[in-house]
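A quick write-up on the structure given underneath.
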Amino acid sequence: MNGAERRKGGLKVCTCARLKRDERGLLTGVAQTRDSCLSPSAVPPLPSLNPGPALEEGQGLTLAASCTAEGSPAPSVTWDTEVKGTTSSRSFKHSRSAAVTSEFHLVPSRSMNGQPLTCVVSHPGLNQDQRITHVLHVSFLAEASVRGLEDQNLWHVGREGAMLKCLSEGQPPPSYNWTRLDGPLPSGVRVDGDTLGFPPLTTEHSGIYVCHVSNEFSSRDSQVTVDVLGKHWGRRNKGPGPRAWWGSRKQHRQ
């Protein structure tokens, strides 16, 4: 729609109809007064963001997402993110508009999981930049480790509340399973996700315990040897001086 010139306070202003998309994506005309008018053929863009293939730690350079916007004149498509990556753009001209597509590539790592990747589209037909945010999901599984045996002297006959805890993290969140390498889990030993709880300790609880961690991406194992100190565990010397501990230890069959 052509603009109409008029004067206001000695200044020439321009009243024009500006094309705008409604919530259904249809173009409507909005009368505006500004120092200069858009071209009658100006069409504001309607951007779209498409995620790339599934991201997995250990992949090489991979497409994280692409963003496309079509309008007249050609829109500007950029990225706003703290994630390290590279971008590439291409454009296609049509009879009354131009489409611009920008791609964002990265080398997936677990530190990128959950980070936002935002496409920013600028165009004279927009009151403000349009932003579309995609949250990155990077599949990974950290190495497993077991805590609870930092002080072996605490693992003695009669002790209550002894437990082992398996440590790992991943995307998707991993599941945990416990086994005993040299036999079934002893009676009374409780498996609660990443934790293995023991009843009052006996020498029968001595053994090699394995934590199995897995998700859809990978699996990890970590094993520890529990050596419960026997009945006669205690101080050899009751007098002053350094402590010397003694006791019987159950031997494992290999």
Taking interchain pairs and intrachain pairs at least six residues apart, which have beta carbon atoms under 8 angstrom, with the first residue in segment 211-232 and over 20 Å from Leu149 (Cα atoms) and the second assigned to a loop (DSSP other than H, G, I, E, B) and hydrophobic (A, V, I, L, M, F, W, C)? none
Filter segment 82-106 down to the residues that are more than 25 Å from Pro124 (Cβ to Cβ) and either aromatic (Phe, Trp, Tyr) or within 19 Å of the chain's Cα centre (by Cα) (or both) and list them by number. Glu82, Val83, Lys84, Gly85, His105, Leu106
Just give me the residues in segment 109-122 being over 12 Å from Glu82 (Cα atoms) and crowded, with 22+ Cβ neighbours inside 10 Å, in sequence order. Cys119, Val121
Ser95 being assigned to a loop (DSSP other than H, G, I, E, B), at pLDDT below 95, surrounded by fewer than 16 Cβ atoms within 10 Å (Cβ to Cβ) and small (Gly, Ala, Ser): yes
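I'd like the full set of residues that are in a loop (DSSP other than H, G, I, E, B), free of Cβ contacts under 8 Å to residues at least 60 places away in the same chain and closer than 15 Å to Leu49 by Cβ, limited to segment 116-146.
Once the filter is applied, which keeps residues that are in a loop (DSSP other than H, G, I, E, B), free of Cβ contacts under 8 Å to residues at least 60 places away in the same chain and closer than 15 Å to Leu49 by Cβ, segment 116-146 yields only Asp129.
The values are calculated or read from the model by the stated rules, or taken from the named source; none is laboratory data. Quick caveat, the model's predicted, so the values are computed rather than measured. Neighbour counts run over all protein chains shown; Cβ positions are idealised from the backbone, glycine included.
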